[in-house]
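Every read-out reported here was derived from the displayed coordinates using simple, explicitly stated rules and does not represent laboratory data. A quick note: this is a predicted structure, and the numbers were derived from the prediction, not measured. Methodologically, a virtual Cβ is constructed for each residue, glycine included, from the backbone with ideal geometry; neighbour enumeration extends over all protein chains shown.
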Amino acid sequence: MTVTSAPAAYELRSYDKLFIGGKWVEPSSDEVIEVVSPIDGAVVATVPEARQADVDKAVAAAREAFDHGPWPRMSPAERAKYLARIGEEVVKRIPEMAAAFTREIGAPAAVSQAFHDNARKMWGDSSTLHERFVFEEDRTWEGGEGRLVREPVGVAAIIIPWNGPVATASLKLGPALAAGCTVVFKPAPEGPVSVMMLAEAIEAAGLPEGVVSVLPAGREVGQYLVEHRDVDKVSFTGSTAAGRKIMAAVADRIGRVSLELGGKSAAIITDDVPLENVLPTLVFAGVANSGQVCAALTRILVPRSRQDEVTEALAEAYRGLVVGDPREEGTTIGPLAAKRQQERVLEYIRIGKEEGARLVIGGGVPEGLEDGCYVEPTIFADVTPDMRIAQEEIFGPVVVVMPYDDIEEAIEIANSTEYGLSGAVYAADNQTAEQIARRIRTGQIGVNTWDMCVTQPFGGYKQSGLGREGNVEGLGAFLETKLIMR
């Protein structure tokens, strides 16, 4: 493992206005969010912190735009032209967005570029949804006929975390707007700058008044938005614990809700697959973006006879990772997003040791990087399914290697957590790998590979969430179905 030095500082832009109803307006208070870089603990920008009065203003604008404005009454093809323009404006801003994301969250340049390239793909996909989705169709039945129409659900509240703000925002905003919804969007306070740049792209696309608002704020304001009586739909990405609270908040009014939550995804390695076929995708599937990816492969299931072989190969690959300042060329692992996140991950490492797991590599703060929020890429071996580090989402660069005795036990272990978001199966034969993959209860799973496919349905089983995002399935989450009988 190599540690890099720090290059010259990147200057983020600060903001003094909120984007409400498509316009930059004065916030209701003087409260600001100080963006603290996890690279070195420095305050690198400020943005206004939205308060309840700002939420009320944004929801009222969205309500008016939905009930009386042109947006939901346009044809899907007309709305698609605006989405294509947003995508064009996003592309223009990707270099600045990526640099901002690196400074405010700590993602290395290559990771940040990949996240924002995904945003480009998402806007491109959303702008063509109308070509693949049937919004209206005739239906006939015994004794009658009618027209089935799919209409926008209404005012949508979208709430996202900090680990990939522009990409996650694009995954939700595109389908919501394609459906004809109006949107009040709340990014997390840890990574608001790149999202404010996204607001600039939306402004430049010229959407009608009231259609989109962007309100950086913390949990209290997010809860107020979720509970707002004029919000028809909530789409949330974040922890499973927060998802439970949102479900409870909207239950009183039977509000519509989509949840993309946590993960503890497993990679099953069979006894016949060469490791050179596994390592190229497995290494970064666990620790890319410092492991702050909901779909990360953090449980590595291996035949007991191969545990030492796989563990040492993985450890050797981790030794080659470059940990350090994410602005430095060649850095592969940057800091965690915040000091509290670093403390959380280090506590899980302590728990793993206490539970009796074998620490193979990592486990601490890299020497020379104590001022930031860094944690060494970490591997535990001899991990059993009952351990907390095998069951709970750590959200850091920590993977656990778990031995199994036969493939039936491997499948049982893979399905033994409360999560079901992603996964992978590595086997010498693709057909065998797919047969195993079909038995894993998870929303996406790779066969001899791993990826997060952002333009296809993404979401989870069990406590990894409700509903799907991406493609026509993601569009359907923002629609209601009506039957008009003739």
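Rounded to the nearest angstrom and ordered from largest down, what semi-axes does the equivalent ellipsoid of the stretch 265-453 get from its C-alpha gyration tensor (root of 5λ)? Let's see the in-between values first.
Details: eigenvalues 139, 58, 46 Å².
After diagonalising the Cα gyration tensor, the semi-axes are 26, 17, 15 Å.
Toward the positive end of the charge dipole of the stretch 47-164, about the Cα centre and with charges on Cβ (Lys, Arg +1; Asp, Glu -1), which of Ala77, Ala62, Trp162 goes farthest?
Looking along the dipole axis, the top candidate is Trp162.
Can you tell me the FRET efficiency between Arg139 and Ser75 if r is taken as the Cβ-Cβ distance and R0 is 22 Å, rounded to the nearest 0.05?
0.55
Using only the alpha-carbon atoms, how far is helix 76-105 inclined from the longest principal axis of the chain? Give it as 0 to 90 degrees, nearest 10.
Here the helix axis deviates by roughly 40 degrees.
With +1 on each Lys and Arg Cβ and -1 on each Asp and Glu Cβ, how big is the dipole of the stretch 291-429 about its Cα centre, in debye rounded to the nearest 20?
Dipole size: approximately 340 debye.
Using 1/(1 + (r/R0)^6) with R0 = 22 angstrom and r between the beta carbons of Arg147 and Ala251, what's the FRET efficiency to the nearest 0.05?
Efficiency, rounded to the nearest 0.05: 0.10.
Tell me, what is the FRET efficiency for Asp16 and Thr449 to the nearest 0.05, using R0 = 45 angstrom and their Cβ-Cβ distance as r?
Calculated value: 0.50.
How would the stretch 362-486 be classified by its alpha-carbon gyration tensor: rounded, prolate or oblate, with rounded meaning a/c under 1.5 and the a/b versus b/c comparison settling the rest? Mind dumping the intermediate values first?
On the way: a/c = 2.34, a/b = 1.48, b/c = 1.58.
Oblate.
Go through the stretch 281-290 residue by residue and turn each phi into a ³J(HN,Hα) via Karplus (6.51, -1.76, 1.60, θ = phi - 60°); whole Hz please, and just put x for glycine and proline.
Each residue of the stretch 281-290 in turn: 9, 5, 4, 7, 5, x, 10, 4, 6, 6 Hz.
As an exercise, find the ratio Rg/Rh for the stretch 398-438 from alpha-carbon atoms, using the Kirkwood inverse-distance average for Rh.
0.95
How far, in nm, would the chain grow between Gln223 and Ala114 when pulled straight, counting 0.36 nm per residue and subtracting the alpha carbon separation?
That works out to 36.2 nm of additional length.
Tell me the relative contact order for the stretch 417-473 as a rounded percent, counting alpha carbon contacts under 8 Å between residues six or more apart. The partial results should precede the final answer.
On the way: 99 pairs, mean separation 20.9, N = 57.
The value is 37 percent.
Considering Cα pairs under 8 angstrom that are at least six residues apart, work out the relative contact order of the chain and quote it in whole percent.
20
Please name which of Ile413, Ala315, Pro280 has its Cα lying farthest along the dipole of the stretch 265-453 towards the positive end, using unit charges on Cβ (Lys, Arg +1; Asp, Glu -1) and the Cα centre as origin.
Checking the options against the dipole of the stretch 265-453, the answer is Ile413.
Pull out a ≥ b ≥ c, the square roots of the eigenvalues of the alpha-carbon gyration tensor of the stretch 172-227, then state rounded if a/c is under 1.5, prolate if not and a/b is larger than b/c, and oblate in the remaining case. Each step should come with its number before you reach the end.
Working: a/c = 2.20, a/b = 1.33, b/c = 1.65.
Oblate shape, in that a/c is at least 1.5 and b/c is the bigger or equal ratio.
Placing +1 at every Lys and Arg Cβ and -1 at every Asp and Glu Cβ, with all other atoms neutral, what dipole size does the chain have around its Cα centre, in debye to the nearest 20?
1280
Measuring from centroid to centroid over Cα atoms, what is the spacing of the stretch 231-272 and the stretch 153-222 in Å?
A separation of 18 Å, based on Cα centres.
How big is the charge dipole of the stretch 21-82 about its Cα centre, in debye rounded to the nearest 20, if each Lys and Arg gets +1 on its Cβ and each Asp and Glu gets -1 on its Cβ?
540
Which angle from 0 to 90°, rounded to the nearest 10, does the C-alpha axis of helix 193-205 make with the longest principal axis of the chain?
Long axis of 193-205 versus the principal axis of the chain: about 40 degrees.
Could you tally the net charge around Val472, taking each other residue with its Cβ under 13 Å from the Cβ of Val472, Lys/Arg +1 and Asp/Glu -1?
After counting each charged neighbour, the total is -1.
Let me know the shape class of the chain, please: from the alpha-carbon gyration tensor, a ≥ b ≥ c as square roots of the eigenvalues, rounded when a/c is under 1.5, otherwise prolate if a/b is greater than b/c, or oblate.
Working: a/c = 2.02, a/b = 1.33, b/c = 1.52.
Note, shape of the chain comes out oblate.
Just to confirm a number: summing +1 for Lys and Arg and -1 for Asp and Glu over residues other than Ser112 whose beta-carbon lies under 12 angstrom from that of Ser112, what do you get?
Values: positive: Arg103, Arg327; negative: Glu96, Glu104, Asp117.
The answer is -1.
How much net charge surrounds Pro27 when only the other residues with a Cβ under 11 Å from the Cβ of Pro27 are counted, with Lys and Arg +1 and Asp and Glu -1? Numbers along the way, then the final one.
Working: positive: Lys17, Arg51, Lys57; negative: Asp16, Glu26, Asp30, Glu31, Glu49, Asp54.
Net of charged neighbours comes to -3.
Helix 240-251 sits at what angle to the longest principal axis of the chain, using alpha carbons and giving 0 to 90 degrees rounded to 10?
Once rounded, one gets 20 degrees.
Modelled label-to-label distance, Glu34 and Glu367, 7 Å Cα→beta-carbon offset: nm?
3.2
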